[in-house]
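The values are calculated or read from the model by the stated rules, or taken from the named source; none is laboratory data. Not measured: the values here are computed from a predicted model. Using ideal geometry, Cβ is built from the backbone for each residue, glycine included, and neighbour counts are taken over all protein chains shown.
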Amino acid sequence: MKQHHQVIVIGGGAAGLYATAGLARLGVDVAVVNTDANMGGDCLHYGCVPSKTLLHMAQETTNWTEIQAKIQSVIADIQVHDSVPRFEDIGAKVHIGKADFLDANTIEVGQQQLTAKKFIIATGSRPRIPDVTGLDDSMYETNETLFQMPKLPRKMAIIGAGPVGLELGQALQNIGVEITIFDHNTTFLKALSRDIADIALKNLHLNIHLNSTLTEVTRLSEDEISLKITESGQEKTLIVEKILFATGQIANIDKLHLERAGVTYDSKIETNHYLQTTAPHIYAIGDVIASPSLTHAGGAEARTALMNIAFGNFSKVNYDTLASVIYTKPEIYQLTSSKKATRTLSTSGANVDRFKTDNESEALVKIGIDDNMKIIQAEAIGTDISNVMQQIALLKSTNAKITDLSKPMYPYPTKSEILKNISDQLLTEKLEKPILQRIIRSIIKWRGLS
């Protein structure tokens, strides 16, 4: 017998649960399907939560058992909010099992068939493992397995110098693992300005090799594997205990049989601006679509999809204030835009007292603006800089001018003053214009102060 819901969300990760909770609170008959009862997805179990806990704990202890216990404690604490009972309490139905489309309105979960008027696909992604000669499962870890390792290796090679590789590499190095990172790109953090990337390369204190490809792996002993690396055309060998792959993600869509539902896909699901797939009653969000693979992006997409389902297709996702952060020490912040800035303002920690006291003179903030002094994009590097830079996203979202950063009174000394410093640059330029200087001097003379 088929069971019917008005909306079925496939995937109980961050994006899927956001959409489910929002629809349930609006009184929609909604169900969520997850492969197992431990909902929360990659972010909670393998991504953001454990990695940020690891980064924090690596500053306090080198005891792996203690670190693992803290990671599991934090996950368990957050899991309560993502649990089956909580979602049932707010009015959602939870189905446990893998979903498989039978047709455009029917999925199979285990032995049960479920039908719906509308669907949201939010099945997330899994680590991408490159095809390497000699590689077997015993030789490597990913973010899905690393946190369950009974003991850490003495030496580890990380393949991939993106956010995951850098964050985990720095944390593991801080607790005593000898880390070597290899990346196929010839440019480090190529999406960033070279001055920001150069500061990062210097201050992350990681052994990073660019233009490098892992070509072959050989097991030497129980605790040793030999890696053959091609680096800038030269073949090199490195012996380590384990490999950690941080080489990107694969969307979990290959077993959904989307073609039966009329949904077009390749490596990602095709969607329009309203997040509808080629089957208009089916929406897709998160890592399964061609948008930034970030938890907060998935949340924004979930909000858009649920609003479009509930009230009609009026909402589109605005990615203009979507920032990304690499949570290393120092942090690396980026707020991108498809628009081009006409001018870039910058200032360093050498000009801000709090950065001086914290020995971070190389901290750097760069903000791109247009001719009307509106914020277009931003980049920054510095310890805890993401907390400072979110003010930029707020100003951009309200279409404010960068000079508005000079209006508040900043506590002294704080790192936020680096934004006031940038804003003050423009105000000083205005004050120094000859015509304004003449007006000011005339007023001063008229008041008898010169």
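Laid out as a table, the results:
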{"item": "Test set (1) surrounded by fewer than 18 Cβ atoms within 10 Å (Cβ to Cβ); (2) free of Cβ contacts under 8 Å to residues at least 24 places away in the same chain; (3) out of contact with any Ser or Thr (no Cβ under 8 Å at 6 or more places or on another chain); (4) not in a loop (DSSP other than H, G, I, E, B) - Ala350 fails condition number", "result": "(3)"}
{"item": "Count of region 84-96 residues which are surrounded by fewer than 16 Cβ atoms within 10 Å (Cβ to Cβ) and in contact (Cβ under 8 Å) with a residue 12 or more places away in the chain", "result": "1"}
{"item": "Residues satisfying the stated conditions in region 204-226, i.e. surrounded by 18 or more Cβ atoms within 10 Å (Cβ to Cβ) and closer than 23 Å to Ile326 by Cβ", "result": "Leu204, Leu206, Ile208, Ser212, Leu214"}
{"item": "Among (1) touching a residue at least 40 places away in the same chain (Cβ under 8 Å); (2) part of a strand (DSSP E or B) - the single one Ile179 does not satisfy", "result": "(1)"}
{"item": "Matching residues in region 35-56 - criterion: being within 18 Å of Val288 (Cβ to Cβ) and more than 22 Å from the chain's Cα centre (by Cα)", "result": "Thr35"}
{"item": "Test: residue in region 396-419 that is surrounded by fewer than 14 Cβ atoms within 10 Å (Cβ to Cβ), touching a residue at least 60 places away in the same chain (Cβ under 8 Å) and in a helix (DSSP H, G or I)", "result": "yes"}
{"item": "Matching residues, region 322-335, being crowded, with 18+ Cβ neighbours inside 10 Å and either more than 22 Å from His205 (Cβ to Cβ) or not aromatic (Phe, Trp, Tyr) (or both)", "result": "Leu322, Ala323, Val325, Ile326, Thr328, Pro330, Glu331, Ile332, Gln334, Leu335"}
{"item": "Evaluation of Pro50 against (1) assigned by TED's automatic domain parsing to the domain that holds Leu256; (2) within 30 Å of Pro153 (Cβ to Cβ) (one fails), failing number", "result": "(1)"}
{"item": "Scan of region 225-247 for residues that are closer than 20 Å to Thr145 by Cα and in contact with a Lys or Arg (Cβ under 9 Å, 6 or more places away or on another chain), ordered by number", "result": "Ile225, Val240, Glu241, Lys242, Phe245, Thr247"}
{"item": "Selected residue [under 23 Å from the mean Cα position of the chain (by Cα), surrounded by fewer than 18 Cβ atoms within 10 Å (Cβ to Cβ) and not in a helix (DSSP H, G or I)] from Gln79, Gln72, Gln59", "result": "Gln59"}
{"item": "Which listed residue, of Ile253, Ile175, Ile229, is surrounded by 20 or more Cβ atoms within 10 Å (Cβ to Cβ) and not charged (D, E, K, R)", "result": "Ile253"}
{"item": "Condition met for Leu244 (assigned to a strand (DSSP E or B), aliphatic (A, V, I, L, M) and surrounded by 14 or more Cβ atoms within 10 Å (Cβ to Cβ))", "result": "yes"}
